[in-house]
Structures are given as structure tokens and as C-alpha cells.
């Protein structure tokens, strides 16, 4: 019995909670049997299908199951070549799914079009708190689409946009969204070397207003002056202090509340 067959058996039996089928070279056809089993399953909460090459067809099968399944909260589909069409299928599922809180889609070649589909879904979805879209070549157009979604989202807390060839315009769009959004606490923009000093200054200006972000990764930026780096670092430190103060106050209030 293959690992996939064993997983399908456990899913149908309702005994599996965590499914790890990463690096098993599961085809789109093989994934369909897994997806069909997930439609009726109520026990699986997390599934890792990274590094399987399921493609757009496999993503479509899985997305169809996610429109029905209510137990899965975490799904990892990194390095599967799902492309923009696979991203659209998953986005359609996220418009109705309310159980998934974490989705990892790094290195899937979704491009700006795939980012636009997911951004449209994030404007509707209220459960996603963590999204990894690193290494997807979404560029400025994709960053702008996601920025529009971030303005509306009240659930997303962590977003990874590393290595996406985002430039100054994309950074400015994201900065504008951060002046409005109050839910994001971590944003990864590392390995987007085209953002430059102007983009970094836009982000620093956003952090003058935003007090919720405590972590922002800007490593490997080209031509960022010390003033922008220092401003961003100082605002993040201020936000960490604010978060700690809120935590302490909440703990004190909890102690003072009557039983």
C-alpha cells in the first residue's frame, strides 16, 4: 500500500488528523482520490501536500473538496506548479470556506493574475490569518491587488510576499493599505530588491500610523538608505512595546475581573 493509499484509507475511516504527503510526487489523478475522501471527512485538521507537482488540475480537485470540508484549518501546497488557474480554483473555495486559517502557496508560479484571484477572495474570507505567497513573481500588479484586499481584511495577521519582484510602486500600494489595516502583525518583503529607498520610505510613512505590525522583513533590499531602515526599525520597536503594554493590561484586567 502506497503512502497515498494509506492516507486515503485513514481519511475515509476518520482516524487521521494530520496528513503529511509532502514530496510524494502525487499526480493530479492521485490527488483526486484524496480530495474525494476529504469531502466527507471531519477529522483532518492539517494537510501538507508540498513538493508534489499536482498542477492546476490537482488544485482544482482539492479546491472542490474545500468547498465542502469544514475541518481542515491548515493546508500547505508549496512547490506544486498550480499556476494562476490553480490559484483561481483555490480562491473560489476560500470565498465560501470558513475553517481554513493558514494557507501556504510559495513557489507556485501564480503570477499577478493568481494573486488577483486570491486577493478577491481575501476581501470576502474572514478566517484566513496566515498566507504565504512567497516566490510567485506577482510583481507590482499582484502587490496592488493584495494591498486592496489588505485594506478590507480584518483577519489576516501574517502575510509572506518575499521574492516576488515587487518594486517601488508595489511597496507604495502595500504601504497605503497598512495605513488602514489593523490586523496584520507580520509582513515579509525580503528578497524584493527592486523596492528601493523610495519604497522603503513609503513603508516607514505607513508605520508612523500603523501600530499593529511588529515584524517586517526587508532583507536584501537594494539602495535603502540608513534613514529609512532606522525609521522602520524604530516604529517596529514602538509597536512591540505597545503590544506588550496591551498584553500586560489585559492580564491585569483578567486578574481584577470577578470570578
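The values are calculated or read from the model by the stated rules, or taken from the named source; none is laboratory data. Bear in mind that the values here come from a model prediction, so they are computed numbers and not experimental data. Cβ coordinates were reconstructed from backbone atoms using ideal geometry, including for glycine residues, and neighbour counts include every protein chain displayed.
Points worth noting:
- Test: residue in segment 171-181 that is surrounded by 15 or more Cβ atoms within 10 Å (Cβ to Cβ), at pLDDT 95 or above and in a loop (DSSP other than H, G, I, E, B): yes
- Taking the criterion of being touching a helix residue (DSSP H, G or I) at 6+ places or on another chain (Cβ under 7 Å), in a loop (DSSP other than H, G, I, E, B) and farther than 19 Å from residue 86 by Cα, the only residue of segment 25-43 that qualifies is 41.
- Out of 193, 220, 254, one residue alone is more than 22 Å from residue 139 (Cβ to Cβ), at pLDDT below 90 and out of contact with any strand residue (DSSP E or B) (no Cβ under 8 Å at 6 or more places or on another chain). It is 254.
- Qualifying residue in segment 46-65 (condition: over 22 Å from residue 17 (Cβ atoms), modelled with pLDDT of 95 or more, in contact with a strand residue (DSSP E or B) (Cβ under 9 Å, 6 or more places away or on another chain) and part of a helix (DSSP H, G or I)): no
- Within segment 196-217, being touching a strand residue (DSSP E or B) at 6+ places or on another chain (Cβ under 8 Å) and assigned to a helix (DSSP H, G or I) holds for 203, 207.
- Listed conditions (1) in a loop (DSSP other than H, G, I, E, B); (2) in contact with a helix residue (DSSP H, G or I) (Cβ under 9 Å, 6 or more places away or on another chain); (3) closer than 22 Å to residue 183 by Cα are all met by residue 162, apart from (2).
- Looking across 19, 11, one residue alone is in contact with a helix residue (DSSP H, G or I) (Cβ under 6 Å, 6 or more places away or on another chain), part of a strand (DSSP E or B), surrounded by 13 or more Cβ atoms within 10 Å (Cβ to Cβ) and at pLDDT 95 or above. It is 19.
- Of the residues making up segment 133-142, none is more than 23 Å from residue 164 (Cβ to Cβ), surrounded by fewer than 24 Cβ atoms within 10 Å (Cβ to Cβ) and in contact with a strand residue (DSSP E or B) (Cβ under 9 Å, 6 or more places away or on another chain).
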